[in-house]
């Protein structure tokens, strides 16, 4: 068989070789009939809408966990369409005055808006029309008593479809998808965005020719050129496999050694882990060689929404992240917001000085219902994983006692309810307030670990708001005062046999690597992309050498001097 | 009581996506009947509480819109919705 090539638009880079899986959407047939009992039809419609809302809520949570916040937002938008007063009025009028069945009335109403949005001829609004169609089909299926259509993939395949909606893709087992090909759609269509987020090649806009893909066993998908080769011979496949190999080799070149541990020339090993804020970040962290998570920010679950996430929603998202990380350590920071990043449902008052106000653990301790739900969710999701919990913005020993008391309370609740939860969890604190750093010898006796937040520690130590352009330069974590506080913290912790991590930007700055290493830092936590270079840097120094570098740096008198010195000893 | 005001949408995505959702949510918080019309494109006045109607008004960046409210809290509604647009939906820049 001759190789045939069809041309579409490359929507997500990469090359895939594999068998086609033809995904066909069965559009529901709607009959139009006159009804006597209009009340019954209206009730049926309302029940179907209620069920659809429930499904969308579940899909949104699943999308949040599997893919990310953007994907979850699609289902929230769908739910908004279901509550549209103009649409609902139109549908109800069709039922009540024209005495039509609910299925027909719903189809007529949604088609009206789909056509109106398409007629504008704007790519973005056409994509919204597709969203309305997607949610219209969901309600139609419920009205007709149908179950959910889901695809079960048994082997890795190239998915070929006319188009793919968020509802189609959310339940797909993404690890078995080699590539996406669609007949319709453009570079900003849903499948293009999804494929990019997942790092899977995709070609869209293949036209009617995409149907030729249905019957063939094997295809090559080139997401860069937008070509799809049907029935390629062995030589062509071999050529593409080689190209795919060199492509990923180039991409992985910088990452080559990042899977190896970070060990100094004289054999001292330190942990290099990632700062993340979503399940998608966790996957990225592993790709860049993270040995665990040193900072999981949980704010993404709480911000930009009307009501807080409940315990079950949080448990599902945390569990998704812990499952990605397996047995690797994951340090979770409890909710860290304050007056500058308010959440409407957490009653925060407007403060003159939000950075010195009710933020971090202080806020959690004034909203113990929210705090308890988060702690229970973490403990539940942490069962069978290597969970560590830390608290932000701790200034005093009393606050440490208060948060520990909250953890005990959460444990007691879970124990009483007979739920499975993580039994062995290290409890630590962020050190970002100078008082905590100076009292580290006292605090070290009551906690399992410290994690130094150098961004805040620098701004509090130098009294310089890092969001104020006039003074932000002063908040330099390389200032000897900050480095001296870091030394105090590490020495105090080690004296009690406790470990210390650092999750500020300083950890990901290779310039600072030798001085932090020399001070005895146990764990470096940074944005995933910084990991390969920092690991490489650690491997170039010996422990005795960096001890001298640290000693020298801490004896200097300004941030400028420290920076100049570190540049002179850098690789 | 009927109140009306005109404002130019400066947000880069116009009255779409997140801004549209915020606009509709804000409009739903008032008792008055509220409409929005795209003066630049010459569309008819549509229900500001309806996301589908607001999207259909196809308001893009730099389009001028008129917001009209009719009811007891008309004044407050028009002020709040115009402010939302003027403040660029709470985003910087």
Just to be sure, is residue A:550 in the same structural domain as residue A:436 (by TED's automatic domain parsing), crowded, with 20+ Cβ neighbours inside 10 Å, modelled with pLDDT of 95 or more and in contact with a helix residue (DSSP H, G or I) (Cβ under 8 Å, 6 or more places away or on another chain)?
-> yes
Among the residues of region B:17-45, which ones are within 11 Å of the chain's Cα centre (by Cα) and within 15 Å of residue A:77 (Cα to Cα)?
-> B:19, B:20, B:21, B:22, B:23, B:24, B:25
Of all residues in region A:84-102, which are surrounded by fewer than 22 Cβ atoms within 10 Å (Cβ to Cβ), more than 17 Å from residue A:143 (Cβ to Cβ) and either within 14 Å of chain B (Cβ to nearest Cβ) or under 39 Å from the mean Cα position of the chain (by Cα) (or both)?
-> A:85, A:86, A:89
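Yes/no matrix, rows are residues, columns are (1) within 25 Å of the chain's Cα centre (by Cα); (2) part of a loop (DSSP other than H, G, I, E, B); (3) modelled with pLDDT of 85 or more; (4) under 28 Å from residue B:14 (Cβ atoms):
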position: A:133; (1), (2), (3), (4): no, no, yes, yes
position: A:172; (1), (2), (3), (4): yes, yes, no, no
position: A:181; (1), (2), (3), (4): no, no, yes, no
position: A:184; (1), (2), (3), (4): no, yes, no, yes
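One line per residue, one yes/no per condition, for (1) assigned by TED's automatic domain parsing to the domain that holds residue A:372; (2) surrounded by 14 or more Cβ atoms within 10 Å (Cβ to Cβ); (3) within 21 Å of residue A:492 (Cα to Cα):
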site	(1), (2), (3)
A:408	yes, no, no
A:416	yes, no, no
A:421	yes, yes, no
A:430	yes, yes, yes
A:438	yes, yes, yes
Candidates A:50, A:105, A:79 - the one that is away from chain B (no Cβ under 14 Å), surrounded by fewer than 22 Cβ atoms within 10 Å (Cβ to Cβ) and either at pLDDT 95 or above or farther than 22 Å from residue A:319 by Cα (or both) = A:50
Members of region A:464-482 that are more than 15 Å from residue A:505 (Cβ to Cβ) and at pLDDT 95 or above | A:480, A:481
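Let's see how each residue does on (1) farther than 25 Å from residue A:127 by Cβ; (2) touching a residue at least 40 places away in the same chain (Cβ under 8 Å); (3) away from chain A (no Cβ under 12 Å); (4) surrounded by 14 or more Cβ atoms within 10 Å (Cβ to Cβ):
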{"residue": "B:4", "(1), (2), (3), (4)": "yes, yes, yes, yes"}
{"residue": "B:16", "(1), (2), (3), (4)": "no, yes, no, yes"}
{"residue": "B:21", "(1), (2), (3), (4)": "no, no, no, yes"}
{"residue": "B:25", "(1), (2), (3), (4)": "no, no, no, yes"}
{"residue": "B:42", "(1), (2), (3), (4)": "no, no, yes, no"}
{"residue": "B:60", "(1), (2), (3), (4)": "no, yes, no, yes"}
{"residue": "B:73", "(1), (2), (3), (4)": "yes, yes, yes, yes"}
Looking only at region A:125-164, which residues are under 19 Å from residue A:11 (Cβ atoms), outside the structural domain of residue A:53 (by TED's automatic domain parsing) and surrounded by fewer than 21 Cβ atoms within 10 Å (Cβ to Cβ)?
-> A:157, A:162, A:163
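The values are calculated or read from the model by the stated rules, or taken from the named source; none is laboratory data. As the structure is a prediction and not an experimental result, all values here were calculated from the model. Reconstructed Cβ throughout: ideal geometry from the backbone, glycine too, with neighbour counts over all protein chains shown.
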